[in-house]
1. I'm told LEU89 meets every condition in (1) in contact with a helix residue (DSSP H, G or I) (Cβ under 6 Å, 6 or more places away or on another chain); (2) modelled with pLDDT under 90; (3) open to solvent by 100 Å² or more (accessible area, probe 1.4 Å) except one. Can you identify the failing condition by its number?
2. Could you count how many residues in segment 67-113 are touching a residue at least 24 places away in the same chain (Cβ under 8 Å) and touching a Gly at 6+ places or on another chain (Cβ under 7 Å)?
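The values are calculated or read from the model by the stated rules, or taken from the named source; none is laboratory data. As the structure is a computational prediction, the values presented were derived from the model and not from experiment. No Cβ is skipped: glycine too gets one built from the backbone with ideal geometry, and neighbour counts run over all protein chains shown. Heavy atoms of the whole protein, side chains included, go into the accessibility calculation; ligands, DNA and RNA do not. Shrake-Rupley method; radii C 1.70, N 1.55, O 1.52, S 1.80 Å.
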Amino acid sequence: MDNKHRAQEPHSWGPRGSQGSSPAPDTWQAPTQGPPSSGYHNDGTTAPPPKKRHRIFLWIFLAVQILFLIWVITGAASGSGTPEECRGLTGDNLKLCKDASDVGTTIGVGLIIGLWAAADIILGFTYLVYRLATRQPRA
C-alpha cells in the first residue's frame, strides 16, 4: 500500500517536546514580591487612603423622625382630659364639646402625620438626587 493511504500512528498524550508555547515547569519564574500595583500611580507615589463616609444624611433623617414622633405624641396627648372651653357645661352639651375636641385633636394629629409623610418623601428625593450627583462614573 501507498504511504498516502496508510493509517497514521496515534499520537501519545504525554507532554510534547519544545513545540509548546509554554515554558517547562522548571523554567517558570516566581511571582514578584511586594505591594500590589493597584495602589500606585504611574509616577510611583501612593494613592491617598479612601475617605471614610460620614453618614450625615442618616443622622439628619433620624433627627427629623424623632422630632415628628415627639410632635405626634404631644399633639395626641393634648386632647386628653376636659378642655377649658367645656368647663361649666353639663349633660349633652359637655359630651358634644368633648367629642368636638376629640375630632379636632384627630384632625390635628392627621395633619401632622401627613406633613411627616411629605417631609419623608422630600428627604427621600433629596437623598436620591444627592446620590446620583455624587456617584462615581462608570469606566
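1. Single failed check for LEU89: (3).
2. 5
Results for (1) open to solvent by 80 Å² or more (accessible area, probe 1.4 Å); (2) part of a loop (DSSP other than H, G, I, E, B); (3) of a type outside the set (A, V, I, L, M); (4) modelled with pLDDT of 85 or more, shown as yes or no for each residue.
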residue: ASN3; (1), (2), (3), (4): yes, yes, yes, no
residue: ALA7; (1), (2), (3), (4): yes, yes, no, no
residue: SER12; (1), (2), (3), (4): yes, yes, yes, no
residue: SER22; (1), (2), (3), (4): yes, yes, yes, no
residue: GLN29; (1), (2), (3), (4): yes, yes, yes, no
residue: PRO35; (1), (2), (3), (4): yes, yes, yes, no
residue: PRO50; (1), (2), (3), (4): yes, yes, yes, no
residue: HIS54; (1), (2), (3), (4): yes, yes, yes, no
residue: ILE70; (1), (2), (3), (4): yes, no, no, yes
